[in-house]
């Protein structure tokens, strides 16, 4: 092995070609920083080059430059004829074009009334506690609407029309220089006729290219399919331009194949750019699985760990078999966009060698900010910040003399260890810790973040990883592999000899694949399965023809190709699909049983066998034969010759300190030789840290197999820490948040209703032994700040003898608004956590908004309820699960005694069981943490976390000013707050005396809601990033008169208080603090339904502006963050048609910083339906601040059968006939500052 400034060469690995090989085969991973190349010589030997992507002459391509270098060709001579058999490449060109906004200018053509749908998306706001929101990118510069409409089954309702006015508009767009267009119509996945017709019109007018949404995905979901089409149209010209340039640099007839995110290779001619977005990580996964298989890890779980400079990619598969590469996912998120792009199941976490270490108050923060390639880590001599790479260098886990001398102004110096030592010393002094403690703590936090990511792709999906192997690759993986394996409880680590270029190596292991899909949406029946072979045969014939036409499948290879067929199945009442393998021998009963078993394993429950299944999609995967096979693994006898260490080095070990350890050159180790840790194994591009109690052995593939000599021993602390260690603080903050997030993911996966699974209207949190909120996942704010009241009410009832003592495995349900609840649809499941003592040590809870819990109106959101009894099922600490056993009879008995019981009790019960499953995930997470660290430590860290929150609020108090603020609601009620600030005592007093008494209607906010709003507002004003927790209340005195609309007495109706008064109260407090004008002040609640179907949604509106920022638009504000159901899913599940969903232009208040615009949404009902609307800011507009103008009030109206428009009040309940429509215009936000 030899290295110079920008090139790595590795000779000596041999494999075998499946067929005769006359020339070289090159596998290239072209990244933004490095271009890696593996060349397979005619004799089967593999050769490596690693180049800096930018270190090639202007106009030259790094892949071609690497090929020329390997073949020892001088510029500018051409490549010898016949020298190259093929080139395979993965590239970040499309990804970088998307992230950097360098794509083509686009026109979007869509349905009438839906021009803004793709821009609005699902209304979700990414930063829950940020008053200033960043808009997600939108790739179309111009959007035009074209008449024509299909129904949810793909039947034509209105023909496509391109009239004279539209043609004039299209020609204007062309004249402006736009040449690329996208067409995205509703239900095009069912029937593409309208999209094809529109594309024909556009091409005839002169557009260079048109991408239709049905071409990029056969999946229903307009928003994600349309956004995918926009991405494709934007970056395809960039990618194709690059590939054309690459082809010119190669011989004209050189076969070129491109790696896709699904792990398959495709010809450039039929390639979709959106399928290359994650091609590099996909190739790495292919290479890692091939490496595991070659080293004999055939039948154990394989976990991949690719740690680079900015991020880490992880995956988990059940085995190293070829079938593992078929377990793809259909959706991914990048740059704030939801893409329907088939990809391998890889998770990316923002933790890499470049993750920045910095002080955040009294704690150490690690990431997610990255130093990037420029300036890079502090040691790179470019003025960069401290990073994980610097921590490894400080601790001796990276050796200074192993770095190339490419740093400094003249690129001729080694890394700068002194600047690293100096910066760590300064940071250590500020945090009262040693530099080594800080560096070790940062590494441990990074390890745990990566372990959580691996658990998300394994354990959370029902995959058992015990006995598995961790395949480590990427530039920074070797320093962390042993520790990560210990964190996960894995006994073995594999480091391939090409671990530094494994993505390029994976190109050689990949196979040419063609994937074909067809949407079916048909019930699973015997008769349907009889017709399926004909559909599959048609797809397979088309796929084989394409493989043959692009030269990847010869007639002689037909028998060696592999065709695999999968069926996407779902319950009829669900949109969540699972893919099962299918063959002509499969019968419906076998598929049903397999689906039930997989559903139980993946989501924690399954419906009864009487639940009808739907075949949503059929997928065919046709793979050409493998072209390169690595050598077969053979057992190697242990070598009697012990390897000789080249040198010794100082290494800092956790819990041990500094010690001398041997350093071995990996290239000198021979098959069969072993090294026992602690030791360092040096490579040309990095260093492998072999921890104590680990042994590394070289196998027949020249791979390093690391195994634990003895089971991992975790040091458990028996007593709580006596002071607040910033390193421990950050670790436990992450651990608590991770458990809450695991609970949320379990709940989402296990739920059945659209409301919880699609809209994500739920929250999960952890509580200490007193029922005080400790940490939560960033879910719904109005839930998070109020759940602690429910937990404490249960504890008070037990203490008073009105509830049975707690037992392990218990779960109670509560939604009582006068004892910690918000409104009745929000049911809280509370579970104690026992850790070996008679009393509960902690609590976990989940709160979900259920679509119907009975009451006087479908959806359980009645507009005119006057008593809590009219609003549905009322639960106060009802024992739902006793010692792990669900009490079905009790729950059924409670529902049967109601005057208006839940209309869909089976769905309600299923979602409540999902909450129990989520709580169990939290119980398990906390018990494991206690087993590892000790209960005293965990309890003390919870207390420390609350103390830090209190300290942060005291710092905030120093910046606040006394004030008084008043706000009127639409019904004439008034909210009033007086803010008193005592800086000497560091206390804040919020006095709501003078607020109107409770209302006879349902605009009454329970005290738990009032506290939740206060907590949200305070958290939003904090400068430090802390989990929302009870400590925020410690320096605050809250006065809310009993009997006021912010603290009503029973039996007041409260359904609107949770959703409407909470939003107004946010505006009141933010106005009193003078930081933000009023947001829309409402959630615009819409429910409709009948006896069998119930639907609920909340609509976004304008956000208030503040100093230095304009108000948000099209995303949820303040106390809610639920998502919106996709239009195609909505129309397929309910008898409605979405006729308009757009921005309400000009509704935001003017100001130096303008308020955000509201939205317009219009449904037409296809069947008679009972509709309820609860909304605010219909009479009183959202106020402006500092001279800013108020936003416009909202407006509700019904459109009758004769076309007349009838205005509706803010709160209304009515029965609409088939053909009538409901329109909501949501309020705009207030402006801030006078217009200059």
(request) Filter segment 377-396 down to the residues that are assigned to a loop (DSSP other than H, G, I, E, B) and crowded, with 24+ Cβ neighbours inside 10 Å, then identify the one that is modelled with the highest pLDDT. (result) 386
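Going residue by residue through segment 1131-1138, is there one that turns out to be surrounded by 24 or more Cβ atoms within 10 Å (Cβ to Cβ) and not assigned by TED's automatic domain parsing to the domain that holds residue 225? Before you say what the answer is, go through the steps one by one.
First, pick out the residues of segment 1131-1138 that are surrounded by 24 or more Cβ atoms within 10 Å (Cβ to Cβ): none.
Scanning segment 1131-1138, I find no residue that is surrounded by 24 or more Cβ atoms within 10 Å (Cβ to Cβ) and not assigned by TED's automatic domain parsing to the domain that holds residue 225, so the answer is no.
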(request) Taking only segment 825-841 into account, find how many residues are under 16 Å from residue 783 (Cα atoms) and part of a strand (DSSP E or B). (result) 5
(message) When you scan segment 227-237, do you find a residue that is more than 22 Å from the chain's Cα centre (by Cα) and surrounded by fewer than 23 Cβ atoms within 10 Å (Cβ to Cβ), even just one?
(response) yes
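Tell me the residue from 1203, 1176 that is within 28 Å of residue 1001 (Cα to Cα) and either free of Cβ contacts under 8 Å to residues at least 24 places away in the same chain or touching a helix residue (DSSP H, G or I) at 6+ places or on another chain (Cβ under 7 Å) (or both), please. Give the steps one after another, and end with the answer.
Working: 1203 fails: within 28 Å of residue 1001 (Cα to Cα).
Answer to the check: 1176.
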(message) Among the residues that make up segment 1201-1209, is at least one of them touching a strand residue (DSSP E or B) at 6+ places or on another chain (Cβ under 9 Å) and surrounded by 22 or more Cβ atoms within 10 Å (Cβ to Cβ)?
(response) no
(request) Inspect segment 620-629 for any residue being modelled with pLDDT under 85, more than 22 Å from residue 536 (Cβ to Cβ) and either assigned to a strand (DSSP E or B) or under 31 Å from the mean Cα position of the chain (by Cα) (or both) and give the result as yes or no. (result) yes
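Quick check, is residue 282 under 30 Å from residue 118 (Cα atoms), at pLDDT 85 or above and not in a helix (DSSP H, G or I)? Let's see the steps before the verdict.
On the way: under 30 Å from residue 118 (Cα atoms): yes; at pLDDT 85 or above: yes; not in a helix (DSSP H, G or I): no.
No.
Quick one: in segment 298-307, which of the residues that are in contact (Cβ under 8 Å) with a residue 60 or more places away in the chain and surrounded by fewer than 24 Cβ atoms within 10 Å (Cβ to Cβ) is nearest to residue 31 (Cα to Cα)? Give the steps one after another, and end with the answer.
Taking segment 298-307 and keeping what is in contact (Cβ under 8 Å) with a residue 60 or more places away in the chain, we get 300-307.
Next, from what is left, pick out any that are surrounded by fewer than 24 Cβ atoms within 10 Å (Cβ to Cβ): 300-301.
Values: 300: 31, 301: 29 Å.
The selected residue is 301.
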(message) For segment 264-281: of the residues being surrounded by 22 or more Cβ atoms within 10 Å (Cβ to Cβ) and farther than 18 Å from residue 334 by Cα, which is nearest to the chain's Cα centre (by Cα)?
(response) 264
(request) Name every residue in segment 285-297 that is surrounded by 21 or more Cβ atoms within 10 Å (Cβ to Cβ) and either under 21 Å from the mean Cα position of the chain (by Cα) or not in a helix (DSSP H, G or I) (or both), in order of residue number. (result) 285, 295, 297
(request) Return a yes/no flag: does segment 1170-1181 have any residue that is farther than 25 Å from residue 1220 by Cα, part of a strand (DSSP E or B) and touching a strand residue (DSSP E or B) at 6+ places or on another chain (Cβ under 7 Å). (result) no
(request) Of all residues in segment 842-872, count the ones that are farther than 17 Å from residue 910 by Cβ and part of a loop (DSSP other than H, G, I, E, B). (result) 14
(message) Quick check on residue 917: is it at pLDDT below 90 and either assigned by TED's automatic domain parsing to the domain that holds residue 737 or not in a loop (DSSP other than H, G, I, E, B) (or both)?
(response) yes
(request) State the number of residues belonging to segment 522-546 that are out of contact with any helix residue (DSSP H, G or I) (no Cβ under 7 Å at 6 or more places or on another chain) and in contact (Cβ under 8 Å) with a residue 12 or more places away in the chain. (result) 11
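Could you say which residue among 677, 657 is at pLDDT below 95 and in contact with a strand residue (DSSP E or B) (Cβ under 8 Å, 6 or more places away or on another chain)? Let's see the steps before the verdict.
Details: 657 fails: in contact with a strand residue (DSSP E or B) (Cβ under 8 Å, 6 or more places away or on another chain).
Residue meeting the stated conditions: 677.
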(request) Looking at (1) more than 26 Å from residue 868 (Cβ to Cβ); (2) more than 33 Å from the chain's Cα centre (by Cα), find the lone condition where residue 956 falls short. (result) (2)
(message) Please count how many residues of segment 873-898 are free of Cβ contacts under 8 Å to residues at least 24 places away in the same chain and either surrounded by 18 or more Cβ atoms within 10 Å (Cβ to Cβ) or in a loop (DSSP other than H, G, I, E, B) (or both).
(response) 3
(request) Go through (1) crowded, with 24+ Cβ neighbours inside 10 Å; (2) touching a strand residue (DSSP E or B) at 6+ places or on another chain (Cβ under 9 Å) one by one and return the number of the condition residue 1112 breaks. (result) (2)
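Just to be sure before I move on: is residue 549 free of Cβ contacts under 8 Å to residues at least 40 places away in the same chain, in contact with a strand residue (DSSP E or B) (Cβ under 9 Å, 6 or more places away or on another chain) and more than 23 Å from residue 287 (Cα to Cα) in the structure I sent?
On the way: free of Cβ contacts under 8 Å to residues at least 40 places away in the same chain: yes; in contact with a strand residue (DSSP E or B) (Cβ under 9 Å, 6 or more places away or on another chain): no; more than 23 Å from residue 287 (Cα to Cα): yes.
When the stated conditions are applied, residue 549 does not pass them.
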(request) Filter segment 741-774 for residues that are on the phi > 0 side of the Ramachandran plot and within 16 Å of the chain's Cα centre (by Cα) and give the result. (result) 760
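The values are calculated or read from the model by the stated rules, or taken from the named source; none is laboratory data. A quick note: this is a predicted structure, and the numbers were derived from the prediction, not measured. We place every Cβ from the backbone using ideal geometry, glycine too, and count neighbours over all the protein chains shown.
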